[in-house]
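Just below is one structure, and these are the notes that go with it.
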Amino acid sequence: MHLARFTPERKIFIRRIQMALLAMLPMLTFGEVDFERQCCPSTSATELPNSQHADQSYAFGAIADCQYCDVNSTGLRRYALSKEKLADCVADFNTMDLAFVTHLGDFIDRDFANFDVVNPIFAKLKAPKVHVLGNHDFSVADHLKKDVPAKLGMPSKYFDFEEGGWRYVILDGNDVSFHAYPKGSAEAQAAADYYQNKQIKSPKWNGAIGAQQLAWLKTVIEKAQGDNEPVILFCHFPVYPENNHNLWNAKEVIALLESYPCVKAYINGHNHHGNYGMKGGIHYVTLKGMVDTETTSYAVIKVDDDSIDITGYGREQNRSLPISLPVDLADPTGLGLEVTTYAPGRDPAQFKWPTHMAFGPDDQEIVTDLKNSRFMYRDSPGGTFEQSPLSVSGQHSLVYNPADGLYYANDTENHRIIAFADLSSGTITAQTNSIAGVPLKRPHDIVLDPATGWIYAINPNSGHVFRFTAIGENESVISVPVQGYARALTFANGKLYAIGSSKGRIVEIVDWDTPTFKVYDSFDPTGSRGPAGAWAKTGLVLNDAEFFDGFWYATSYFTKSYASGTDSDENKFIRFKTLDDLVSGDWTDLSHLVPRGMTPYYLTVKEGNLYLAIFNHESPGSGDSILQFTSLR
């Protein structure tokens with residue numbers, strides 16, 4: 001067991017263990033390999049990155065849909081203005097140290113001659129240039145379509161290269177399409193047959209990755225997996241989330257990518273509004289089109305071993321995308337745990353600050369989706385999440401009471417607790433803004449003692465803990481010495497505990513009627529406390545604690561914006577044998593089991609599994625999910 005009071009050497013030790021584990025598994029590590037690959041000519045034939053940034057963080061520039069044409073504006077599109085936007089973007093990029101700059105397709109809107117306007121501007125870039133083919137790039141005379149890749153200085157229509165220990169794969173989504181080939185050609189006819197035979201409903205201005213390119217892609221990713229290279233893909237067309245801009249065979253491409261843990265991100269253009277989704281551990285990012293509106297749009301994307309950070313310019317937004325360690329481990333750490341990303345998984349639902357996983361009757365599962373102000377539920381683990389029509393705001397948790405068949409939830413920002421019988425209905429059976437005469441003020445957690453039927457809730461700022469059997473029935477309240485902000489309650493081994501966040505304290509409620517307490521203050525080398533922070537700044541800032549399979553597990557509200565430059569990932573998720581171990585600091589840091597940059601929140605135990613809600617505090621929706629820890633003991 002690692003002691004909590006560790007020097008910085010502890011982080012190095014943990015990182016070495018992680019890297020050793022990764023070397024034994026088909027997971028994320030870093031190293032240099034030869035650039036030469038099938039379908040990718042030598043760098044002597046074209047200007048491409050040359051791996052100057054191996055084993056360190058670096059950044060690259062990205063632009064989507066410059067789409068220049070000297071014509072009048074249409075709707076949001078300012079075609080002629082793209083020339084000036086591109087020039088300003090190039091000037092900006094030239095002030096930065098970039099490994100390369102990619103344009104993600106639709107460099108022009110139409111007419112081959114327009115390449116001669118924007119190519120010289122792009123050529124002024126100091127960094128190597130990487131083009132991706134878009135559908136509008138082929139809006140040229142039929143006899144010139146074959147010349148487009150060479151005009152853009154591309155080695156081929158699709159290719160790959162290595163930079164900084166990462167494998168970059170450039171895809172051609174026009175491979176099977178109506179626009180990339182001359183009318184009457186065999187390729188154009190093949191596209192028409194493909195579209196008809198597969199009964200494609202997507203617009204004809206999209207396209208597909210052909211069978212030969214898919215086979216090549218599989219070979220490239222398999223080699224990257226074997227070489228321990230994480231992979232980022234560039235394509236003009238999105239594949240996820242579901243959208244009418246997506247590749248015709250998006251599902252086929254996604255299935256291939258999800259088969260390899262080394263694939264970390266897929267970045268594209270085409271949908272000028274931008275988009276984002278995470279599925280199967282892969283970040284899918286659609287950058288906004290430069291051509292739209294009077295305002296520009298482009299990005300600088302920083303890559304290191306634990307995150308992909310996007311800094312947006314103009315209309316493009318900032319995103320921090322944590323890179324999780326591949327999961328489903330066969331217990332190489334000796335922790336007796338198997339870890340999986342449980343939800344949303346392959347489900348299209350996108351959470352924003354999920355705070356809690358709950359369970360209803362039969363196999364029903366409920367996720368409290370805070371930032372979206374909704375409850376998401378499904379009737380079985382393999383089902384599709386549906387949104388409850390209940391009107392709530394900032395809700396934190398929910399519990400199902402089999403005694404009366406009602407769900408009880410805190411509606412935090414509405415300062416109330418509600419009860420309802422059906423998640424598919426918006427009907428509230430009962431509600432209250434006070435319990436035992438004490439007003440509810442942003443109530444957070446709510447738990448049930450299954451042995452007695454008592455329901456408990458907490459006011460986070462006052463330390464008031466409430467007890468009742470139903471709204472308006474058998475109500476009472478006590479003041480618990482949490483000493484500051486308190487987010488959670490937990491039942492373990494027949495006892496009720498209040499989790500003091502600011503103090504890093506767990507309070508056992510020994511007797512409700514007296515009332516009597518036993519206080520456990522966590523080890524704190526800082527002497528500084530707060531409602532959020534980082535281990536080296538504040539000590540533990542407890543979100544929740546649960547007892548599972550012989551251990552206590554605890555989470556802390558650690559996040560970069562509250563860390564003051566310290567490591568917000570250290571000790572954010574810990575486990576220990578006894579509460580006395582929490583006091584002495586004798587705990588094991590499990591933070592490496594949670595993606596970097598993610599804040600762990602409420603824990604829930606069901607049978608042989610522990611569930612943990614995690615969210616990206618700085619970029620809500622970027623990797624937000626429910627983790628499942630299964631005991632292997």
Residue span ASP227 to SER476: 0.36 nm per residue of separation minus Cα-Cα distance leaves a gain in nm of 83.5 nm
Using θ = phi - 60° and the Karplus form 6.51 cos²θ - 1.76 cosθ + 1.60, what ³J(HN,Hα) does each residue of the stretch 273-282 get, whole Hz, x for Gly and Pro?
7, x, 5, 7, x, 10, 8, x, x, 10
In sequence order, calculated HN-Hα J values of the stretch 132-145 (Karplus, 6.51, -1.76, 1.60; Hz; x Gly/Pro)
10, 7, x, 5, 6, 5, 9, 7, 10, 4, 3, 6, 9, 4
Hey, of (1) 19, 46, 28, 7, 0; (2) 18, 51, 28, 3, 0; (3) 15, 35, 22, 16, 10, 2, 0, which did the structure itself give for P(r) over Cα pairs in 20 Å bins from 0, in percent when calculated?
(1)
So how do ARG529, ARG505 rank on accessible area, 1.4 Å probe, biggest first, that is with the largest at the start?
ARG529, ARG505
Applying the Karplus parametrisation 6.51 cos²θ - 1.76 cosθ + 1.60 with θ = phi - 60° to the phi angles of the stretch 416-427, what ³J(HN,Hα) value in whole Hz is obtained for each residue in order, glycine and proline being reported as x?
8, 10, 10, 10, 8, 9, 8, 5, 7, 10, x, 7
Once amide H atoms are placed 1.01 Å from N in the peptide plane, what residues at a sequence separation of 5 or more from ALA492, or on another chain, have their amide H within under 5 Å of its amide H?
TYR497
What figure in square angstrom, to the nearest 10, would you give for the accessible area of SER397 with a 1.4 Å probe?
0
For the THR95, VAL510 Cβ pair and Förster radius 56 Å, calculated FRET efficiency rounded to 0.05 is 0.30
Of the listed pairs LYS129/LYS560; LYS218/LYS371; LYS83/LYS146; LYS157/LYS183; LYS441/LYS495; LYS124/LYS204, which have alpha-carbon separations greater than 31 Å here?
LYS129/LYS560; LYS218/LYS371; LYS124/LYS204
Which value in nm describes the separation of the simple spin-label points at ALA211 and TYR260, placed 7 Å from the Cα toward the beta carbon?
2.1
Those residues of the stretch 118-139 whose amide nitrogen sits under 17 Å from the label point placed on LYS204, 7 Å along Cα→Cβ:
135-136, 138-139
Accessible surface of VAL117 - all protein chains present, 1.4 Å probe, nearest 10 Å²:
50
Residues whose placed amide H lies under 5 Å from that of ASN571, excluding near-sequence neighbours:
SER591
On average, how much accessible surface per residue is there in the chain, in Å², for a 1.4 Å probe, leaving out ligands, DNA and RNA?
37
Want the number for LEU144 to ALA492: 0.36 nm per residue separation, take away the alpha-carbon distance, what's left?
118.1 nm
Under the span-like rule (Cα at least 18 Å along the axis, Kyte-Doolittle mean at least -0.5), DSSP H helices of the chain:
9-24, 211-226
With every protein chain left in place, what is the accessible area of ASP521 in Å² (1.4 Å probe, nearest 10)?
50
Residue list for the stretch 504-522, given a label point 7 angstrom along the Cα-to-Cβ vector of ASP580 and an amide N cut-off under 15 Å:
519-521
Calculate, for GLN189 and ASN244, the FRET efficiency according to 1/(1 + (r/R0)^6) with r their C-beta to C-beta distance and R0 22 Å; round to the nearest 0.05.
0.35
Residues with amide H under 5 Å from that of ILE435, placed H, sequence gap 5 or more
LEU440
As a test, work out the antiparallel percent of DSSP beta bridges whose residues both lie in the stretch 212-345, rounded to the nearest 5.
65
Simple spin-label estimate for LEU632 and SER424 in nanometres, 7 Å along Cα-Cβ:
4.0
Would you please give the FRET efficiency between ASP70 and VAL438, computed as 1/(1 + (r/R0)^6) with r the Cβ-Cβ distance and R0 = 51 Å, to the nearest 0.05?
0.15
Accessible-area composition of the chain, carbon plus sulfur, in percent [1.4 Å probe]:
49
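The values are calculated or read from the model by the stated rules, or taken from the named source; none is laboratory data. None of the values given here were measured: they were computed from a predicted structure. Glycine also receives a Cβ, built like all others from the backbone with ideal geometry; neighbour counts cover every protein chain displayed. The protein model used for the area step is the full one, side chains on, heavy atoms only, and it has no ligands, DNA or RNA in it. Shrake-Rupley method; radii C 1.70, N 1.55, O 1.52, S 1.80 Å.
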